[in-house]
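Step one of this worksheet: look at the structure below.
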Amino acid sequence: MDQAKWAARIRDQMAYEAAREGHPEGFPSLPPIPTGRYIDPDFYALEREHLFSRTWLLVGRDEDFPEPGSFRTFDRTGSPLLVMRGEDRALRGFFNTCQHRGAPVVRDACGAAKRLRCQYHSWTYGLDGELLQVPDRRDFRDLDVSKRRLRPVRCEVYDGWVFVNEDLSAKPLREWLGAVAEEWSPLQGATLRAHGTRRERVAANWKIVADAFLETYHLKTIHPQTVAKLLDHRGAAMGLFANGHSRMVTPKWEKAVEAARGAPSVLEPIPGLDPLYAETNPAYNVFPNLITPLDTTGFPFILFWPIDAETTEVEWTFYGPPAVNEEQEAAWQRAITVFDAVMEEDFMNLAPMHRSVASGALESIPLSYQERRIYHLHEEIDRVIGIDRIPEPLRVEPCLEGQLEDAP
Ligand code: FES
Ligand SMILES: [Fe+2]
């Protein structure tokens, strides 16, 4: 990607947003979002069946699977899944489901194995999912072992990040990420390493949580002592991309940029990034459940996993260049703790908002131009589920198609 060209375009957008005096002409007014989408059990069932099991979801990192036979199991996506490195070093995804009677072939969260032996009756599978051994085989009259391989799911890696998708006919990951993959290339993701993970359960529908990370309208009220001291929300420039992804670049206050220049972090910045990265907070949403506010020395990937219709597990992992000494390790741990405070501020309203919505006291949500990434997320949710499957009162009316940055 031509970073300088990209940065110049974003700078123009930020200047425009900061200077405009009214609602941008030509940008549609967004119809209110029906709140039933956040609480209706049928809508949640549609999301489970047609969204989370049919889209790419981030489950880990390439280096989590160091050798042939390294595996990890996941149930966050809604199905019991298994990702494993084969003898040929390729990563493969499977349902963690024995093709005899459905017991998990792997019980541990992670490990390494030469073969996978189901712990119920010892059917044994190879690292590529082939069924290799069946005890007392003579007692199965018509068993065709070639039809009893572990059931595959898609598993692809972009720049070190491992994604899975149960939909075998899905677009390739790189193509689906589109503009996001292109714009992330300067981050050199494959060279980065995890520095810590946090998890928190929030008593709110996953979309109430996701929406909260898609706008900066709330900065002054919710984060007066933290993020609002760093970022000027009125200059936020946003890009809506195909497949529901989006970008939001929010300028830092000049005094914050200067303060950072005067007291550089002990953490090494990712080499080669355009200066725009130090002067702004570029944040991305990878549809549907990943948000990342980028920074020069590293950043969190924040994931929203629905546990049920009214519970979300938020899981955030920090990535950056590997720490080279104890001072950098300590700086990472401090940075992670500082971020805890910001997350607590964000979490504060979410459970009460869910209770309000569930009470029926709020029928629909009126969104402003600043909150357009939320509308974009919801439009794509409906597209992926299939609009005809969604009860009419719960749909969002598509109106942002003409606003996509990468539209032809
Ligand atoms: S369920 Fe796995 S061997 Fe029987
Ligand atoms: Fe926030």
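The values are calculated or read from the model by the stated rules, or taken from the named source; none is laboratory data. The structure displayed is predicted, hence computed values, not measured ones. A quick note on method: Cβ atoms are made from the backbone with ideal geometry, for glycine too, and the neighbour counts reach across all protein chains shown. Please note that ligands, DNA and RNA were not included when accessible areas were found on the heavy atoms of the full protein model with its side chains. Shrake-Rupley method; radii C 1.70, N 1.55, O 1.52, S 1.80 Å.
Kindly write out, for region 191-207 in residue order, the coupling ³J(HN,Hα) from the Karplus curve 6.51 cos²θ - 1.76 cosθ + 1.60 (θ = phi - 60°), rounded to whole Hz, with x marking Gly and Pro.
8, 7, 9, 6, 10, x, 10, 10, 9, 8, 8, 10, 7, 7, 4, 4, 6
Roughly speaking, to the nearest percent, how much of region 192-238's 1.4 Å accessible area is carbon and sulfur?
Percent of accessible area from carbon and sulfur atoms in region 192-238: 48.
Quick one: net charge around Thr317, please, counting Lys, Arg +1 and Asp, Glu -1 for every other residue with C-beta under 12 Å from its C-beta.
So the surrounding residues net to +2.
Please state the charge dipole magnitude for region 60-165, taken about the Cα centre, from unit charges on C-beta atoms (+1 on K and R, -1 on D and E), reported in debye and rounded to the nearest 20.
Charge dipole, region 60-165, about its Cα centre: 440 debye, nearest 20.
Considering amide H positions built from the backbone, and no H for Pro or chain starts, which residues 5 or more places from Tyr125, or on another chain, come under 5 Å of its amide H?
For Tyr125, whose amide H was placed from the backbone, the distant partners under 5 Å are Leu116, Arg117, Cys118, Leu132.
If you take the C-alpha gyration tensor of the chain, multiply each eigenvalue by 5 and take the square root, what semi-axes do you get, largest first, in whole Å?
Output for the chain: semi-axes of 39, 27, 19 Å.
Just the number, please: Stokes-Einstein D of region 277-365 in µm²/s, Kirkwood Rh from C-alpha pairs, 4 °C, 1.567 mPa s.
84 µm²/s
Between Ala103 and Thr197, take the C-beta separation as r, use R0 = 30 Å, and let me know the FRET efficiency to the nearest 0.05.
After rounding, the FRET efficiency stands at 0.55.
Multiply the residue gap between Val324 and Glu258 by 0.36 nm, knock off their C-alpha separation, and tell me the result in nm, one decimal place.
Length difference between fully extended and current span is 21.1 nm.
For region 240-295, give the percent of accessible area contributed by carbon and sulfur heavy atoms, probe 1.4 Å, rounded to a whole number.
Answer for region 240-295: carbon and sulfur cover 58 percent of the accessible area.
Net charge near Ser53: determine it from the other residues with C-beta under 10 Å of the C-beta of Ser53, scoring Lys and Arg +1 and Asp and Glu -1. Working shown, then result.
Details: positive: Arg48, Arg54; negative: Glu47, Glu49, Glu166, Asp167.
So the surrounding residues net to -2.
Please report, in whole Å³, the volume per residue of the convex hull around the C-alpha atoms of region 1-159.
Cα-based convex hull of region 1-159, divided per residue, equals 206 Å³.
May I ask which residue of Gly60, Ile10, Gly298 lies farthest towards the positive end of the charge dipole of the chain, with charges of +1 (Lys, Arg) and -1 (Asp, Glu) on Cβ and the Cα centre as origin?
Gly60
Just want to confirm a number: the relative contact order over region 60-165, from Cα pairs under 8 angstrom separated by 6+ residues, in percent.
Answer for region 60-165 is 26 percent.
Using the Karplus curve 6.51 cos²θ - 1.76 cosθ + 1.60 with θ = phi - 60°, what ³J(HN,Hα) values do you get for each residue of region 126-141, in whole Hz, with x for Gly and Pro?
x, 5, 9, x, 5, 7, 9, 9, 10, x, 6, 4, 4, 8, 9, 6
So what's the net charge close to Ser169: Lys and Arg +1, Asp and Glu -1, counting the other residues with Cβ under 11 Å from its Cβ?
Net local charge, Ser169 excluded: +1.
What accessible area per residue comes out for the chain, rounded to a whole number of Å², with a 1.4 Å probe?
I get 47 Å² per residue for this part.
Starting from the Cα gyration tensor of region 150-209, take the square roots of the eigenvalues, sort them a ≥ b ≥ c, and report rounded, prolate or oblate (rounded when a/c is under 1.5, otherwise prolate if a/b is larger than b/c, else oblate).
Cα axes put region 150-209 in the oblate bin.
Working out 0.36 nm times the residue gap between Asp42 and Gln133, then minus their Cα-Cα distance, what length gain in nm do you get to one decimal?
Length gained between Asp42 and Gln133: 28.6 nm.
Taking the Cα centre of the chain as origin and charging only Cβ (+1 Lys, Arg; -1 Asp, Glu), how large is the dipole, in debye to the nearest 20?
Dipole magnitude for the chain comes out near 1160 debye.
Once each part is reduced to its C-alpha centroid, what is the distance from region 333-408 to region 98-125 in angstrom?
Value for the Cα centre distance between the two parts: 39 Å.
Give the carbon-plus-sulfur fraction of the accessible surface of region 117-186 in %, rounded to a whole number; probe 1.4 Å, heavy atoms of protein chains only.
43 percent
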